[in-house]
Amino acid sequence: MSRLVFLLNGPNLNLLGKRQPHIYGHETLADVERDCRALATELGLELRFHQSNREYEIVDWIHEARESAGGIVINPAAFTHYSVAILDALNAFDHPVIEVHISNVHKREEFRHHSFVSTRADGVIAGFGTQGYLLALRRLARLMDEKAT
Ligand code: DQA
């Protein structure tokens with residue numbers, strides 16, 4: 001199976017480090033990408049790291065992953081709570097999917113408690129700050145290894 005992993009980030013995550021740091025922390029998305037790349041190398045994974053504020057771009061990347069990747073880590077950000085399009089795209093992807101939220105969405109407003117993506121995800125990580133991305137990659141690597149054997 002492919003060792004290629006797509007790590008996808010939804011809207012406003014380009015502002016990570018500047019946006020509501022009391023909720024999302026001070027690390028930037030570039031910091032997250034650097035740490036994820038280092039871990040991916042350690043885990044023997046090839047990483048495609050993307051962020052978009054546009055729903056269709058995320059859908060297109062999931063379609064691309066469908067053709068080439070062995071797993072997806074996704075923080076759909078606000079799309080989590082209303083995007084049936086992203087859920088449908090993930091349902092057409094046959095390999096493991098891990099959903100990440102930097103904040104603990106369950107401790108926040110009611111509208112953040114429901115996730116369309118969670119109905120598809122093999123695992124969900126929330127409230128671990130940006131460390132959640134690294135935990136997600138480790139879990140994904142394990143699931144990919146199990147699937148390959
Ligand atoms: C988020 C939580 C979402 O509710 C929010 O819309 C985001 C980020 C998180 O990482 O904690 O933009 O996905």
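The values are calculated or read from the model by the stated rules, or taken from the named source; none is laboratory data. Every value quoted in this text rests on a predicted model; they were computed, and no experiment measured them. Note that each Cβ is placed from the backbone with ideal geometry, even for glycine, and that neighbours are counted across all protein chains shown. For the accessible areas, the whole protein counts, side chains as well, though only heavy atoms, and no ligand, DNA or RNA atoms are used. Shrake-Rupley method; radii C 1.70, N 1.55, O 1.52, S 1.80 Å.
Considering segment 1-21, and only residues there that are touching a Ser or Thr at 6+ places or on another chain (Cβ under 7 Å) and either away from the ligand (no atom under 12 Å from the Cβ) or β-branched (Val, Ile, Thr) (or both), the residue that is modelled with the highest pLDDT turns out to be 4. Which number in (1) in contact with a Ser or Thr (Cβ under 9 Å, 6 or more places away or on another chain); (2) open to solvent by 80 Å² or more (accessible area, probe 1.4 Å); (3) of a type in the set (Phe, Trp, Tyr) marks the one condition that residue 116 misses? The one condition residue 116 does not meet is (2). Filter segment 119-131 for residues that are open to solvent by 50 Å² or more (accessible area, probe 1.4 Å) and not β-branched (Val, Ile, Thr); which is farthest from the ligand (Cβ to nearest atom)? My answer is 122. Does any residue of segment 8-30 turn out to be touching a residue at least 40 places away in the same chain (Cβ under 8 Å), assigned to a loop (DSSP other than H, G, I, E, B) and within 30 Å of residue 149 (Cα to Cα)? No, every residue in segment 8-30 fails to be touching a residue at least 40 places away in the same chain (Cβ under 8 Å), assigned to a loop (DSSP other than H, G, I, E, B) and within 30 Å of residue 149 (Cα to Cα). Scanning segment 73-118 for residues that are more than 9 Å from the ligand (Cβ to nearest atom), in contact (Cβ under 8 Å) with a residue 60 or more places away in the chain and under 11 Å from the mean Cα position of the chain (by Cα) yields a total of 2. Exactly one condition in (1) open to solvent by 70 Å² or more (accessible area, probe 1.4 Å); (2) at pLDDT 95 or above is not met by residue 69; state its number. Unmet for residue 69, out of (1) open to solvent by 70 Å² or more (accessible area, probe 1.4 Å); (2) at pLDDT 95 or above: (1).
Evaluate the following for residue 33: is it without any contact (Cβ under 8 Å) to a residue 40 or more places away in the chain, part of a helix (DSSP H, G or I) and surrounded by fewer than 16 Cβ atoms within 10 Å (Cβ to Cβ)? It is false that residue 33 is without any contact (Cβ under 8 Å) to a residue 40 or more places away in the chain, part of a helix (DSSP H, G or I) and surrounded by fewer than 16 Cβ atoms within 10 Å (Cβ to Cβ).
So that you can scan it fast, the table gives a plain yes or no per residue for (1) touching a strand residue (DSSP E or B) at 6+ places or on another chain (Cβ under 6 Å); (2) in a helix (DSSP H, G or I); (3) farther than 27 Å from residue 146 by Cα:
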{"site": "39", "(1), (2), (3)": "no, yes, no"}
{"site": "49", "(1), (2), (3)": "yes, no, no"}
{"site": "61", "(1), (2), (3)": "yes, yes, no"}
{"site": "72", "(1), (2), (3)": "yes, no, no"}
{"site": "85", "(1), (2), (3)": "no, yes, yes"}
{"site": "89", "(1), (2), (3)": "no, yes, no"}
{"site": "98", "(1), (2), (3)": "yes, no, no"}
{"site": "106", "(1), (2), (3)": "no, yes, yes"}
{"site": "115", "(1), (2), (3)": "no, no, no"}
